[in-house]
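Undergrad: Please see the structure below; I have some questions.
The values are calculated or read from the model by the stated rules, or taken from the named source; none is laboratory data. For clarity, every value in this text was computed on a predicted model and none was experimentally measured. Note: ideal-geometry Cβ built from the backbone for every residue, glycine included; neighbour counts use all protein chains shown. All accessible areas refer to the heavy atoms of the entire protein, side chains included, with ligands and DNA or RNA removed. Shrake-Rupley method; radii C 1.70, N 1.55, O 1.52, S 1.80 Å.
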Amino acid sequence: MKTGLPSLRLRGDAPKPGRATIRPLADVPGALAAAAAAAGFTGAAGQVAEVSAPGFPRLVLAGAGADDWERAGGEAMARLLAEGATRAPRIALDLRFIPAEAAIAVATGAALRAWAPPIRRRAGAPETPRLVLHVPDAEAFAPAFDAMQARLAGVGFARTLVAEPANILTPESFAARLRHLRRVGVVVEVLGRGALERAGAGAILAVGRGSANPPRLVMLRWPGTTGADRLVLVGKGMTFDTGGISIKPAAGMEDMRADMAGAAACAGAVLALALRQSPAPVTAVLALAENMPGARAWRPGDVITTLSGRTVETIDTDAEGRMVLADALAWAVRHENPAALVDLATLTGSIVVALGHHRAGMFGTDAPLLAAVGAAGEVAGDPVWHMPIGPGHLEPLKSDIADLRQCASGRLQPDASHAAAFLRHFSEGIPWVHLDIAGVESREEADWRGPAGPTGFGVRLIDALATARFEDPHRAA
């Protein structure tokens, strides 16, 4: 499985002379005081300085301030990868003088900033550097290192999937890549068009009907090792979204190859849990489709019968994400015995208007689960913001010819809340949280967290949620 991440190695000794080295600091030690002072470096959060030191061709000091260690790693790596800088094939992270938890954060930040999508690696392009972590005791550090690598692999896998263009990552090829998760103990089930027709999954079939690439519904099941409650993830996997008959404007449509970031995040989270042998049983249900115009495409005004049996009046074929999620949620409720449901989707432009590129929108029905997801987002660095589903968001979804309207019509609608209100019907009273990750699934410009492009938002959030809430068989969901 391609992750686009640098290789990492753990060592229990000092960096060898002649290596490019990153040294994260909160306070400047006496040995480096003169060089740091000359560079104006104080150890403040986000501060980076390259200084001269005997035996080191490049020594980068990274400030963590009070406790911003992940940023320190990312900022230092950004300096070493800067355009025009001499690229080092191997970079040492000197983590011997900081706490173990801080060391993990530094290494995480450095590795994520060094990520690069494999498809961009052309002849002559610099290779992703190897990272060597120097710690006081490699044996004692190994368990935390292994867990970190698992989480990084999940984020890298998600980012790499999102980076792929839609002519390479179709619903079929996406499902084929997910089959590789069997290597790490994940049970993979793929439903093609025939199986979806027999199941009555009318919503995902309608969305995919105009495309030459038929849809897939993929289940990734990690069995776990305890009798804990099962967390079920649901991911929107639109490998490309033209808007269908309600076609989008041409400007920016190329970005719609990332409309499968929710499914990618769910897949990355399952990979991370499997690699670190999480005791939590988790299933991901991924709705993979391509929304295209064509002679067989669905139309505004069509009434679609979903897998749940509910009928839906189509208003806008560009509101396709909530339709494929409706069938995926219905499958999850019917077949996966969830104690809790969490769906992730690049669902609405409305949430970007509300929250920009800073936080995902969080909606839901269960206060304890909402609190757990919110806390996991803060711990993992995937922050969310609680948004409302009120009675006023349900009224516009009433239909004269079906059980539900798919969305409201007219300008200046609170579409993110309408979409969440629509999806709530398909959770069937099970504790449920919906994360609208539009706006945070990619970044327009490089920063300390990574290069421009996919972020892998949601992978670490789900890992943190599983750790805190679903790995203890004695804890109720």
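Undergrad: Return the carbon/sulfur percentage of the accessible area of the chain, one whole number, probe 1.4 Å, all protein chains in place.
TA: On the chain, the fraction of accessible area on carbon and sulfur atoms equals 52 percent.
Undergrad: Above 18 Å lies some portion of the pair distances; for the stretch 1-58, what is it as a whole percent of all C-alpha pairs?
TA: Counting pairs separated by more than 18 Å, the tail of P(r) holds 47 percent.
Undergrad: Hey, if you put +1 on the Cβ of every Lys and Arg and -1 on every Asp and Glu Cβ in the stretch 47-101, which of ILE98, TRP69, ALA88 ends up farthest toward the positive end of that dipole?
TA: Of ILE98, TRP69, ALA88, it is ALA88.
Undergrad: Please name whichever of LEU344, TRP385, VAL333 sits farthest to the positive end of the charge dipole of the stretch 318-403, dipole taken about the Cα centre and charges placed at Cβ: Lys and Arg +1, Asp and Glu -1.
TA: The Cα lying farthest towards the positive end belongs to TRP385.
Undergrad: Could you give the distance between the Cα centres of the stretch 181-234 and the stretch 336-355, to the whole Å?
TA: Rounded to whole Å, the Cα centres lie 18 Å apart.
Undergrad: Taking just the alpha-carbon atoms of the stretch 115-243, what radius of gyration and Dmax come out, in angstrom?
TA: That works out to 18.9, 59 Å for Rg and Dmax.
Undergrad: Hey, what do the phi angles of the stretch 144-149 turn into as Karplus ³J(HN,Hα) couplings, whole Hz, using 6.51/-1.76/1.60 and θ = phi - 60°, x for Gly and Pro?
TA: Residue by residue, the stretch 144-149 yields 5, 4, 5, 5, 4, 4 Hz.
Undergrad: Additional query: Short version: what are the Cα gyration tensor semi-axes of the stretch 233-292, square root of 5 times each eigenvalue, largest first, in whole Å?
TA: Values for the stretch 233-292, descending: 30, 11, 6 Å.
Undergrad: If we sort 406-419, 235-248, 178-191 on the protection proxy, mean other Cβ atoms within 10 Å, highest first, what's the order?
TA: Result, highest mean first: 235-248, 406-419, 178-191.
Undergrad: Identify all aspartates and glutamates with a Cα-Cα distance to LYS16 below 14 Å; exclude those on the same chain that are fewer than 8 residues away in sequence.
TA: ASP94
Undergrad: Please list 214-221, 454-461, 377-384, 395-402 highest first by mean number of surrounding beta-carbon atoms within 10 Å per residue.
TA: 454-461, 214-221, 377-384, 395-402
Undergrad: When the gyration tensor of the chain is built from Cα positions, what are the square roots of 5 times its three eigenvalues, in whole Å, from largest to smallest?
TA: So the equivalent ellipsoid measures 42, 22, 20 Å along its semi-axes.
Undergrad: Right, next: When Lys and Arg each count +1 and Asp and Glu each count -1, what net charge do the other residues less than 14 Å away from GLY410, Cβ to Cβ, add up to?
TA: Charge balance near GLY410 sits at -1.
Undergrad: Please list the non-local residues whose amide H lies under 5 Å from the amide H of ALA64, H modeled 1.01 Å from N, same-chain partners needing a gap of 5 or more.
TA: LEU25, ALA26
Undergrad: What are the residues whose amide H is under 5 Å from the amide H of VAL433, where those residues sit 5 or more places off or on another chain and H is modelled from the backbone?
TA: LEU341, VAL342, ASP343
Undergrad: Moving on to the next point. When the Karplus curve 6.51 cos²θ - 1.76 cosθ + 1.60 is applied with θ = phi - 60°, which whole-Hz ³J(HN,Hα) does each residue of the stretch 466-471 get, with x for Gly and Pro?
TA: Here the 3J(HN,Hα) series is 4, 4, 7, 10, 10, 9 Hz.
Undergrad: Taking the Cα atoms only, what angle lies between the long axis of helix 321-335 and the longest principal axis of the chain, rounded to 10 degrees?
TA: Its long axis makes an angle of about 90 degrees.
Undergrad: Could I ask something else about it? Out of all Cα-Cα pairs in the stretch 246-388, roughly what percent, to the nearest whole number, are more than 25 Å apart?
TA: 36 percent
Undergrad: How far is the Cα center of the stretch 395-466 from the Cα center of the stretch 1-60, in Å?
TA: Centre-to-centre distance over Cα atoms comes out at 40 Å.
Undergrad: State log₁₀ I(q)/I(0) for the stretch 315-355 at q = 0.15, 0.21 Å⁻¹ as given by the Debye formula over alpha-carbon point scatterers of equal weight, solvent excluded.
TA: -0.47, -0.76
Undergrad: Hey, with R₀ at 60 Å, roughly what FRET efficiency would SER7 and SER409 work out to, going by the Cβ-Cβ distance, to 0.05?
TA: After rounding, the FRET efficiency stands at 0.70.
Undergrad: Distance in nm between label sites at ALA375 and ALA176, each 7 Å beyond Cα in the beta-carbon direction?
TA: 4.4 nm
Undergrad: Next question. Across bins of 5 angstrom width beginning at 0, how are the C-alpha pair distances of the stretch 47-189 distributed, in whole percent?
TA: Computed distribution, short to long bins: 2, 8, 15, 19, 17, 15, 11, 7, 4, 2, 0, 0.
Undergrad: While we're here: Going Cα to Cα from LYS2, which lysines come in below 25 Å? Please leave out same-chain ones fewer than 8 positions away.
TA: Answer for LYS2, where 25 Å is the Cα cut-off: LYS236, listed by chain and number.
Undergrad: Taking H as built 1.01 Å from N, whose amide H comes closer than 5 Å to the amide H of LEU10, not counting residues under 5 places away?
TA: Residues meeting the amide H criterion: LEU133.
Undergrad: Report the full-extension gain for the segment ASP146 to ASP447: residue separation times 0.36 nm, less the Cα-Cα distance, to one decimal in nm.
TA: 105.8 nm
Undergrad: I would also like to ask the following. Rounded to whole Å and sorted largest first, list the principal axis extents of the Cα atoms in the stretch 305-464.
TA: For the stretch 305-464, the Cα spread along each principal axis is 51, 38, 24 Å.
Undergrad: Treat the stretch 437-477 as a sphere of radius equal to its Kirkwood radius over Cα pairs and apply Stokes-Einstein at 10 °C in a medium of 1.306 mPa s; give the translational diffusion coefficient in µm²/s, rounded to a whole number.
TA: The diffusion coefficient I find is 132 µm²/s.
Undergrad: Could I ask something else about it? Ignoring everything except DSSP H segments at least 4 long, calculate the 222 nm mean residue ellipticity for the chain; use -39,500 (n - 2.57) per segment, divide by total residues, nearest 500.
TA: Mean residue ellipticity at 222 nm (helix-derived): -10000 deg cm²/dmol.
Undergrad: Next question, about the same structure. Give me the dipole magnitude in Debye, nearest 20, for the chain about the Cα centre, with unit charges on the beta carbon: positive for Lys and Arg, negative for Asp and Glu.
TA: Using only the charged Cβ atoms, the result is roughly 1380 debye.
Undergrad: Ordered by residue, what ³J(HN,Hα) values in Hz, to whole numbers, does the stretch 182-197 give under the Karplus form 6.51 cos²θ - 1.76 cosθ + 1.60, where θ = phi - 60° and Gly and Pro are x?
TA: These are the phi-based 3J(HN,Hα) values: 4, 4, 10, x, 7, 7, 10, 10, 10, 9, x, 4, x, 5, 5, 5 Hz.
Undergrad: Averaged per residue, what accessible surface does the stretch 387-477 expose to a 1.4 Å probe, in Å²?
TA: Per-residue accessible area for the stretch 387-477 comes out at 43 Å².
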